[in-house]
Every structure is written in C-alpha cells, then in structure tokens.
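Undergrad: Below: one structure in structure tokens.
The values are calculated or read from the model by the stated rules, or taken from the named source; none is laboratory data. Values in this document were obtained by computation on a predicted structure and should not be read as measured data. Every residue, glycine as well, gets a Cβ built from its backbone with ideal geometry; the counts of neighbours run over all protein chains shown. Quick note on the areas: whole protein, heavy atoms, side chains included, nothing else; ligands and nucleic acids left out. Shrake-Rupley method; radii C 1.70, N 1.55, O 1.52, S 1.80 Å.
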Amino acid sequence: MENPILVTGGTGTLGQHVVGRLRDKGAEVRVLTRNPRPAGDGVHYVAGDLETGEGAAAAVEGVRTVVHLAGTQKGDDVKARHLMAAAARAGVGHVVYISVVGAERTPVTSGVDRAMFGYVAAKRAAEEIVEASGVPYTTLRATQFHELAFQAVAAMAKLPVVFAPGGTRIQPIAADEVAARLVELALGEPQGLVAEMGGPRIYSFADLARSYLRATGRRRPILAVPAPGGAARAFRSGANLTPDHAVGHQTWEEFLAERVSR
C-alpha cells in the first residue's frame, strides 16, 4: 500500500462519506479504528485508540496525508495530541482536521459551560495542538451536520415535552457536502485555517423539533428554555453560525423528507 491516506474516525457519519469519496478519487485509504476488520474495496483497517495513543505510530507509518475526523463529546484534544505527536515523528506531510464553527469564540470557563459545551473547548484545544505540532496542516470548521441535528431532535421527541435551548439557532449542513470539501483539501497542499462551511439556512432548535414532529406525525408541546452559562450566551449571540459562509446546498427540510421516507 503506497502512500495511503489515513482517515481517523473513518467509520463515523462524516468518515464514511470521506472514505467513499477518497476511494472514488482512486486514493488508497487506511482507516484507524478501535475494532479492526478485514480490508476491502481499497480500504485497509488498522487497530488503534487515540485516547491512549495505542497504535498511532503504526497507523501513520508510510502515510503522507492524514484526515483527522475522530471525535466524541469529550477528549478531542487528547486524541489530537497523540495523533500529532505520532505524525510529527513519522514525517507526515499534511494533516487535515475538522473542527466546529465558533470554536474560537465560545468561552467555556465554568462547570456549567464544560458540562454542556466541553466538546467546543476540546475542538479549540485540538486546533491549537494541530497548529503547534510542526506538521503542515489544514483546518476546516463546519456547522452542525443534518444527521446529528436529526439525532438530537429525535431524542428530544421521545419525551412528553420537548425541551429546546431557547434563543439558540443552528445552521445545519449535509455531512457529505463537508466530506467533499475535506477530500478536496486532503488531495491538495496544506493551507492552514480555511474558510468555514455552513448550511444554507438558519433555524431555531424549536423550529427543527417542530418540523420533525410534523414529519413523523407526532404531537408534543415544545418548551424553549435558555441554557445557563457564558457558552450558551455565546451561542444565543450566533457564535456557532456562519451566515457569510452559507455554502451548503441541501436544506434541513430536504434532508428530513429524505430521512423520514426511508
């Protein structure tokens, strides 16, 4: 396998799109995963855990480009630290990192902030780790994916009352559209921090919940309650939005109709 592209988080929502698009471009792909599986369709899987750093050195061996997508609700900074240390030692030539819009302008200082928005702080810390690693990099910030917004409102709709964070808006975007941009960046030269990507329209969480309930034929009262803390205030002020970069094409309504019809 000559000069493969390593994808972390390659089995996740975004990662599956990225891997598929890389293969469509003829790239050889290596996926770092906790649960190894047999190779197939030009994709090789290697075992590793970025939370501990186990397997990171082997995963980046012989790799010129890494697309770092592995992320959870916490610990993205730890994962980035282990990956970038291994990448620097291996002489990786380009790391492409996916972050979130608003990472640099959302204060996460209190316990309440960390409980609700700790993932944003970890994304920002990971950005800084990537930047300081000495490895040439490209960082793309994107807004919330349709798929994750759908999971959130579906979970809320299971309750007798749907509690939505009052005053908070969201600009959902299709994960595959972000994947297309990431593949373009991965096949190019390092660019540092590039222009953000946001979905075509902005909605309140209550709007998303309301449209989901209507599409699934459910009835629930919706109660909009502002979340406490400085990070929540930043979100209510639009820190998580990028209206000047509303480059996505698929709307929430189009995604919802497609998903519900399955």
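Undergrad: Is it true that some residue in the range 121-141 is among the charged types (D, E, K, R) and modelled with pLDDT under 95? Show your work before the answer.
TA: The first filter runs over the range 121-141 and keeps only residues among the charged types (D, E, K, R), leaving 123-124, 127-128, 131, 141.
Then keep just the ones that are modelled with pLDDT under 95; that gives 123-124.
Checked against the condition, which is being among the charged types (D, E, K, R) and modelled with pLDDT under 95, the range 121-141 yields at least one hit.
Undergrad: Residues of the range 56-100 being within 14 Å of the chain's Cα centre (by Cα), hydrophobic (A, V, I, L, M, F, W, C) and surrounded by 23 or more Cβ atoms within 10 Å (Cβ to Cβ), which ones?
TA: Of everything in the range 56-100, those that are within 14 Å of the chain's Cα centre (by Cα), hydrophobic (A, V, I, L, M, F, W, C) and surrounded by 23 or more Cβ atoms within 10 Å (Cβ to Cβ) turn out to be 67, 69, 70, 80, 96, 98.
Undergrad: Further question on the same structure: Select from the range 208-262 the residues that are closer than 28 Å to residue 118 by Cα and basic (Lys, Arg) and write down the one among them that is most open to solvent (accessible area, probe 1.4 Å).
TA: The extreme case among them is 233.
Undergrad: Can you name every residue in the range 15-42 that is touching a helix residue (DSSP H, G or I) at 6+ places or on another chain (Cβ under 7 Å) and either surrounded by fewer than 21 Cβ atoms within 10 Å (Cβ to Cβ) or not in a strand (DSSP E or B) (or both)?
TA: Matches in the range 15-42: 17, 18, 21, 22, 25, 41, 42.
Undergrad: Would you point out the residue of the range 52-100, among those that are basic (Lys, Arg) and free of Cβ contacts under 8 Å to residues at least 60 places away in the same chain, that is nearest to residue 145 (Cα to Cα)?
TA: In the first step, residues of the range 52-100 are kept if they are basic (Lys, Arg); the result is 64, 74, 79, 81, 89.
Next cut, free of Cβ contacts under 8 Å to residues at least 60 places away in the same chain only: 74, 81, 89.
Values: 74: 18, 81: 25, 89: 33 Å.
Looking at the filtered set, the residue picked out is 74.
Undergrad: Here's a follow-up. In the range 178-204, which residues are closer than 17 Å to residue 103 by Cβ and hydrophobic (A, V, I, L, M, F, W, C)?
TA: Of everything in the range 178-204, those that are closer than 17 Å to residue 103 by Cβ and hydrophobic (A, V, I, L, M, F, W, C) turn out to be 178, 182, 193, 194, 195, 197.
Undergrad: So, one more: Return the residues of the range 186-202 that are open to solvent by 20 Å² or more (accessible area, probe 1.4 Å) and either on the phi > 0 side of the Ramachandran plot or among the acidic types (Asp, Glu) (or both); say none if nothing qualifies.
TA: Of everything in the range 186-202, those that are open to solvent by 20 Å² or more (accessible area, probe 1.4 Å) and either on the phi > 0 side of the Ramachandran plot or among the acidic types (Asp, Glu) (or both) turn out to be 189, 196.
Undergrad: For the range 212-238, which residues satisfy the criterion of being aliphatic (A, V, I, L, M) and touching a helix residue (DSSP H, G or I) at 6+ places or on another chain (Cβ under 8 Å)? Give the derivation first.
TA: We begin by selecting, within the range 212-238, every residue aliphatic (A, V, I, L, M); these are 213, 215, 222-225, 227, 231-232, 234.
Scanning the range 212-238 gives 215, 222, 224, 227, 231, 232.
Undergrad: Separate question: Taking the range 112-141 on its own, how many of its residues are under 19 Å from residue 65 (Cβ atoms), touching an Asp or Glu at 6+ places or on another chain (Cβ under 9 Å) and of a type outside the set (Phe, Trp, Tyr)?
TA: 7
Undergrad: Here's a follow-up. Which numbered condition trips up residue 148, out of (1) surrounded by fewer than 19 Cβ atoms within 10 Å (Cβ to Cβ); (2) more than 22 Å from residue 17 (Cα to Cα); (3) in contact (Cβ under 8 Å) with a residue 60 or more places away in the chain?
TA: (2)
Undergrad: What do you reckon, is residue 12 under 13 Å from the mean Cα position of the chain (by Cα) and surrounded by 14 or more Cβ atoms within 10 Å (Cβ to Cβ)? Please lay out each step first, then the result.
TA: Values: under 13 Å from the mean Cα position of the chain (by Cα): yes; surrounded by 14 or more Cβ atoms within 10 Å (Cβ to Cβ): yes.
Criteria met by residue 12.
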